[in-house]
Amino acid sequence: MYLHRLPQGDRDQEQRVMYWRKASAIHRYFTKDAKEDNCIDFPKTIEDIQALRLLCINSIEEKEPLLETGSGFFWGSTEYDSYYWEDLQDTADAMEAIISEHQEGDTYEYSAWY
């Protein structure tokens with residue numbers, strides 16, 4: 001699971017800004033309503049990233065899982081266990097860094113391979 005920044009939309013300058021492993025709740029957030037989600041680039045906006053950061057922070061602060069896990073042999077546990085909360089904290093921290101480094105014209109893409 002990857003999130004890439006394309007500075008000024010330039011694919012030749014693509015930068016990996018986040019990597020997750022078996023974070024099904026994050027994957028579900030980025031691919032909601034998709035019929036296929038493997039090896040596909042999902043364009044994302046800075047607003048999507050800001051919204052994800054807020055969902056993670058609110059979940060942590062309220063101790064309420066606002067991002068649902070998903071099942072599948074490749075995702076591992078669907079429990080709201082320590083790994084889930086760790087993924088949310090890591091995601092909130094990374095999204096904060098991405099937001100602070102965002103430049104007008106930057107675009108983003110999420111993809112997963114499983």
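Throughout, read-outs are computed from the coordinates displayed, never taken from laboratory work. Everything numeric in this text was worked out from a predicted model, so none of it was measured. A quick note on method: Cβ atoms are made from the backbone with ideal geometry, for glycine too, and the neighbour counts reach across all protein chains shown.
Figures for the structure shown
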item	result
Close pairs (7 angstrom Cβ cut-off, 6 or more residues apart or separate chains): in a strand (DSSP E or B) in segment 97-114, surrounded by 12 or more Cβ atoms within 10 Å (Cβ to Cβ) and β-branched (Val, Ile, Thr) anywhere	TYR108/ILE49; SER111/ILE40
Among the residues listed as ARG21, ARG28, ARG5, the single one being within 21 Å of TRP113 (Cβ to Cβ), loosely packed, with under 15 Cβ neighbours inside 10 Å and not small (Gly, Ala, Ser)	ARG21
Answer residue from segment 1-58, given it is free of Cβ contacts under 8 Å to residues at least 40 places away in the same chain and of a type in the set (Lys, Arg) and is nearest to TYR83 (Cα to Cα) among those	ARG21
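Rundown of residues vs (1) surrounded by 15 or more Cβ atoms within 10 Å (Cβ to Cβ); (2) among the aliphatic types (A, V, I, L, M); (3) closer than 19 Å to LEU6 by Cα, yes/no style:
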residue	(1), (2), (3)
ASN38	no, no, no
PRO43	no, no, yes
ILE49	yes, yes, yes
GLU61	no, no, no
GLU68	no, no, no
SER71	no, no, no
TYR84	yes, no, no
ALA97	no, yes, yes
GLN103	no, no, yes
